[in-house]
1. Could you grab me the full set of residues in the stretch 218-234 that are assigned to a helix (DSSP H, G or I) and surrounded by fewer than 24 Cβ atoms within 10 Å (Cβ to Cβ)?
2. Tell me yes or no: at least one residue of the stretch 383-401 is assigned to a helix (DSSP H, G or I), modelled with pLDDT under 75 and surrounded by 24 or more Cβ atoms within 10 Å (Cβ to Cβ).
3. Just to verify a result, which residue in the stretch 68-82, among those that are among the β-branched types (V, I, T) and touching a residue at least 60 places away in the same chain (Cβ under 8 Å), is farthest from M25 (Cα to Cα)?
4. For I325, work out the one condition from (1) modelled with pLDDT under 85; (2) surrounded by fewer than 24 Cβ atoms within 10 Å (Cβ to Cβ) it doesn't fulfil.
5. Test G53 against the criterion of being small (G, A, S), touching a helix residue (DSSP H, G or I) at 6+ places or on another chain (Cβ under 8 Å) and under 25 Å from T138 (Cα atoms), and give yes or no.
6. May I ask you to say which residue of S200, S210, S182, S214 is at pLDDT below 95, crowded, with 24+ Cβ neighbours inside 10 Å and either of a type in the set (A, V, I, L, M, F, W, C) or over 22 Å from G49 (Cα atoms) (or both)?
7. Would you confirm, using the coordinates I've provided, whether S84 is crowded, with 18+ Cβ neighbours inside 10 Å and either more than 30 Å from T351 (Cα to Cα) or modelled with pLDDT of 90 or more (or both)?
8. On the basis of being assigned to a loop (DSSP other than H, G, I, E, B) and surrounded by fewer than 24 Cβ atoms within 10 Å (Cβ to Cβ), does S169 make the cut?
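The values are calculated or read from the model by the stated rules, or taken from the named source; none is laboratory data. Bear in mind that the values here come from a model prediction, so they are computed numbers and not experimental data. No Cβ is skipped: glycine too gets one built from the backbone with ideal geometry, and neighbour counts run over all protein chains shown.
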Amino acid sequence: MLASLASIATLMLSTLLMMAGFGLMQYMVPIRSLDEGWSTLVISITATGYTFGFTMSCIITPKLVQRVGHVRVFSALVTLLTVSILLCSLVVDWRAWVVFRGLAGFAIAGAYLIIESWLNERVTNDNRGAVFSVYMITCLVGSIGGQYLVPLGDPTGAQLFILCGIIFSLAIFPTALSTAKSPAPIAQARFDLMRLYRRSPVAFIGSLLSGALSGTWGSLGAVYTQNIGMTTAQGATLLAAFLAGGAIAQMPIGRISDKMDRRLVMVAAGLFGVGGCVIMTVFSIDQPLALYAAGFVVGMVLYPVYALNVAHANDLAAPDEYVTISSAIMILYGLGTVSGPLMAGTLMEWTGPKGLLWFLAMNFGLYASYAGWRMTQRAPERSQVGRTGFQSMPIPVQGTDPASAPNAALSDHEQSGPHGR
């Protein structure tokens with residue numbers, strides 16, 4: 001185990017730095033947008049640029065890696081990430097930010113693909129859970145740490161943007177100077193949406209909804225904190241509560257779903273999410289501790305639902321369909337992350353900041369309702385034999401999970417195949 005962790009130490013350091021910059025960027029950019037007087041709808045449009053770039057990268061980056069290798073592409077992508085945030089400080093116009101945020105989404109998704117491909121190359125079936133737990137903790141600590149840098153500076157100036165660019169640049173060094181062997185090429189995504197629908201309608205619809213859920217909160221959560229009057233420190237704490245809830249609950253939820261009909265767990269998660277969102281609407285800025293607790297509850301189900309979709313689809317897929325199925329899930333999730341912020345931003349324009357919570361509650365309700373209806377249409381799998389085990393996935397900070405789909409969906413047999421996975 002120690003040998004496995006030592007072999008990925010430099011990669012984890014690069015990940016920690018990248019996620020610190022990412023957490024700073026994702027909290028700072030919406031605050032600056034509000035300071036510029038942009039409406040919630042305009043901010044959601046700039047966020048859509050990010051999610052569109054993210055989705056496109058999941059298709060294009062594997063081709064780049066096959067041409068020039070992991071290390072070169074990772075360095076290029078993190079450089080692009082640095083350029084994107086510095087451009088935001090130089091040209092403060094929402095139309096330009098749609099493009100700049102698209103560059104950032106493309107870069108961060110590609111970086112995740114490379115990091116997770118690298119990890120899958122280094123782990124075995126015996127230590128996969130432990131190594132990916134370290135990875136999840138690294139992502140969580142980096143993201144939360146970056147968010148708490150915002151209260152130390154002034155988002156209305158250029159200093160925090162420059163600091164973010166510096167942190168991103170530093171993330172290149174550990175990986176670029178590492179002597180570790182590069183992993184095997186990333187699997188090409190092969191999309192077949194109808195095959196996914198035939199195998200698992202609930203995963204098909206659930207992927208769209210889970211993308212809308214995490215993409216919307218990741219894009220507009222900071223806007224919500226500022227519009228209800230939170231300080232930047234309080235807002236960082238609420239965002240951290242969501243992430244912490246998802247990190248802590250993901251594995252218990254997954255283990256429970258391994259022992260019963262996963263659709264029942266989906267129903268419970270959806271209802272739990274509805275309840276948590278409704279509770280959040282009751283509390284105000286005068287009750288920050290209650291808001292943090294409610295946010296923690298919502299985060300417990302906001303992030304794990306994507307992994308539930310992947311697990312359920314793989315339960316019903318043939319072994320040679322895992323990558324194709326997960327690639328379809330990735331695309332649907334990406335569509336959700338693009339459309340969700342636009343719809344939620346429009347609702348917030350009409351109803352105020354709590355419109356975000358009502359939008360999340362609606363999507364949680366649809367998730368639970370559809371899974372419940374599907375339970376009446378298809379009998380559950382009676383045997384646990386042959387089912388794929390729930391795969392813990394990194395916390396999807398505005399949609400990082402799709403990047404892991406092609407690798408995370410592989411069976412243990414495939415992951416321990418010719419390249420040592």
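1. Hits for the stretch 218-234 are G221, Q226, N227, T232, A233, Q234.
2. yes
3. Filtering first and then ranking leaves V71.
4. With respect to (1) modelled with pLDDT under 85; (2) surrounded by fewer than 24 Cβ atoms within 10 Å (Cβ to Cβ), I325 is out only on (2).
5. Details: small (G, A, S): yes; touching a helix residue (DSSP H, G or I) at 6+ places or on another chain (Cβ under 8 Å): yes; under 25 Å from T138 (Cα atoms): yes.
Yes.
6. Details: S210 fails: either of a type in the set (A, V, I, L, M, F, W, C) or over 22 Å from G49 (Cα atoms) (or both); S182 fails: crowded, with 24+ Cβ neighbours inside 10 Å; S214 fails: either of a type in the set (A, V, I, L, M, F, W, C) or over 22 Å from G49 (Cα atoms) (or both).
Only one candidate qualifies: S200.
7. On the way: crowded, with 18+ Cβ neighbours inside 10 Å: yes; either more than 30 Å from T351 (Cα to Cα) or modelled with pLDDT of 90 or more (or both): yes.
The answer is yes for S84.
8. Here the answer is no, as S169 does not meet what is asked.
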